[in-house]
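See below for the structure under consideration.
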Amino acid sequence: MKIRNGKKMSLIFTIIIVLLIVSVFLLNAVALILSNRYPLAIDLTANAVYEIGDETKAVLDSLSKNVTIDVLASEKAFAGDSYLVQAKYIMDRYPQYCDRVTLRYIDYAADPSYAAGHPDLSLTEGDIIVSAGDDVKQITLKSLFNYAYTASGSLTVESSRAEEAVTGAIMSVLSDEEVRIGVISGHGEQSMSNFTALLVNNNYVLETAVLATDDLSGFDALMLLAPQTDLSEDDIRTIEAYLYNDGEYGRTLLYTASISQTQLPNIETLIGEWGVAIGSGIVFETKAERTYQYQPFYPVADHSSTTYQDMLIDSSAPMLMPMSRPLELLFASRDGQYTETLLSFGETAGVRPIDAGDDFNPENAEKWGPMPAMVLASRCVYVNGELDKRSSIIVSGSTSMLEELCIQNSSLANSPYMVNLLGDMTEKEESIVIAPKSLAGKTLGITTAQVTRLGVVLGGILPLGILLAGIGVWLYRRYK
């Protein structure tokens, strides 16, 4: 009888073990299926580097068409390097948050037939092809990241912009509009690669424009970034004709000045006819709270116009205008022309002469603020008191405001401000700015005023509070 009961218990135990093993396999299978379809993982990193943001989720929630994301590489190709792993995590999130998105990893080397289906594209292994119907957007693998040079001179990945690139591509294939910007070249202009990449990710089509030979009529806007040599009189007439647009207006020129420029009389005359004078020297700030990390030539500018400030998610985010030349308004309005200060330096800002020596005393500044930092100069046509059409020149005293430091720093307003400004000028419907994500740790990108407040709290108020609390406890216990 005991033997029979022992065999019975052994059988029950074996069945339980088998059921547990089967249950574990089933749970793992269900978890794998769900993880492939839904975002079950929790991102505990400081800036959620492995998770898509609210902006992207809003885009996915509004999808009205099916979107396919084809990655021309095997999934194994995204192993090893931490930034490749992060990019894969980001791309995997899109179908998990939206049923209309399909993600496919295609072994491009083993399946060359894929190229036959896209004869108009020059495909490379690692490319990402985003498509919706017949609309296609190609993203190169290298464009998923921001790069910087190390102290030894080697190029390294600084941050990931995978989410910005993929979300921008989705918006591009779903949009019927195409905004083309001509980047004027041939006069020693600065490239500002981080800024142009930001515009490309917001579905602007950027092309090089040569004033002497190219047809500018197809461009919605032009950019002339810190030319080092002057434009010819014919070039000036070409720009004037472009902005006039046969009386239809509707065109924009973005011009940025630089302290490295010499006198450019033709350009300065053009800008002056639109109501803005570009002065010499370099703007500095004497109030530490209005600088970036205590650097006087990296001043913060105020919003003189709330139009584009109100478009910012965080309207209190500072606008940094490094290495800026001073601007001056020649008139507020004249014969259908209007000037508006968008950004301005404060009254504690001065202008250091360009030829000042190392012993320059700020008290000897040749000019003091407030003064314009960025101006919108427009020629407008009004019908029955309403604005009917206009062409504009955006004049910035700083080209450095478009550099990597300003464009990639999510604590500053430079990126969203410029995207919103150009979007409004070109009547672009949708734009999105997603901050780059770094795996190197959270960078505390804050202004000098914020540094001072943190220093006071952490170095003074907090230790003093702890000391007083300790004294209070000691006195309580001593005289209790």
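The values are calculated or read from the model by the stated rules, or taken from the named source; none is laboratory data. Computed from a predicted structure; not experimentally measured. When we count neighbours, we look across all protein chains shown, and the Cβ atoms used for this are built from the backbone with ideal geometry, even at glycine. Note: areas computed on protein heavy atoms with side chains; ligands, DNA, RNA excluded. Shrake-Rupley method; radii C 1.70, N 1.55, O 1.52, S 1.80 Å.
General observations
- Any hit, region 314-330, residues being more than 22 Å from Met192 (Cβ to Cβ) and open to solvent by less than 20 Å² (accessible area, probe 1.4 Å): no
- Candidate set from region 200-218 (those that are farther than 11 Å from Ile184 by Cα and not polar (S, T, N, Q)); member that is surrounded by the fewest Cβ atoms within 10 Å (Cβ to Cβ): Asp215
- Whichever residue in region 139-159 is closer than 23 Å to Tyr108 by Cα and among the hydroxyl-bearing types (Ser, Thr, Tyr) and, among such residues, is most open to solvent (accessible area, probe 1.4 Å): Thr140
- Among the residues of region 156-168, just one is without any contact (Cβ under 8 Å) to a residue 60 or more places away in the chain and under 23 Å from Ser122 (Cβ atoms), namely Ala165.
- Pairing each residue of region 180-192 that is over 9 Å from Ala226 (Cα atoms) with any residue that is among the small types (Gly, Ala, Ser) and open to solvent by 40 Å² or more (accessible area, probe 1.4 Å), provided the two are 6+ apart or on different chains, yields C-beta distances under 8 Å for Gly186/Ala212.
- Region 48-133 holds helices (runs of 4 or more DSSP H) entirely within its bounds, and those carrying 3 or more residues that are touching a strand residue (DSSP E or B) at 6+ places or on another chain (Cβ under 8 Å), among the aliphatic types (A, V, I, L, M) and open to solvent by less than 30 Å² (accessible area, probe 1.4 Å) map to 82-97.
- The residues listed here are Val166, Val136; of these, the one that is outside any loop (DSSP other than H, G, I, E, B) and either buried (at least 19 other Cβ atoms within 10 Å of the Cβ) or basic (Lys, Arg) (or both) is Val166.
- When region 266-291 is filtered for residues that are open to solvent by 20 Å² or more (accessible area, probe 1.4 Å), under 22 Å from Ala332 (Cβ atoms) and not in a helix (DSSP H, G or I), the ones remaining, listed by number, are Ala277, Ile278, Gly279.
- Within region 190-199, the set of residues being open to solvent by less than 40 Å² (accessible area, probe 1.4 Å) and either part of a loop (DSSP other than H, G, I, E, B) or closer than 20 Å to Glu233 by Cα (or both) comprises Met192 only.
- Ala221 out of contact with any helix residue (DSSP H, G or I) (no Cβ under 7 Å at 6 or more places or on another chain), among the small types (Gly, Ala, Ser) and surrounded by 12 or more Cβ atoms within 10 Å (Cβ to Cβ): no
- Enumeration of residues in region 242-257 that are among the small types (Gly, Ala, Ser) and surrounded by fewer than 21 Cβ atoms within 10 Å (Cβ to Cβ): Gly247, Gly250
- Boolean, Leu342 is closer than 20 Å to Trp274 by Cβ, outside any loop (DSSP other than H, G, I, E, B) and open to solvent by less than 20 Å² (accessible area, probe 1.4 Å): yes
- Residues located in region 389-416, provided they are under 24 Å from Leu329 (Cβ atoms) and open to solvent by 30 Å² or more (accessible area, probe 1.4 Å): Lys389, Arg390
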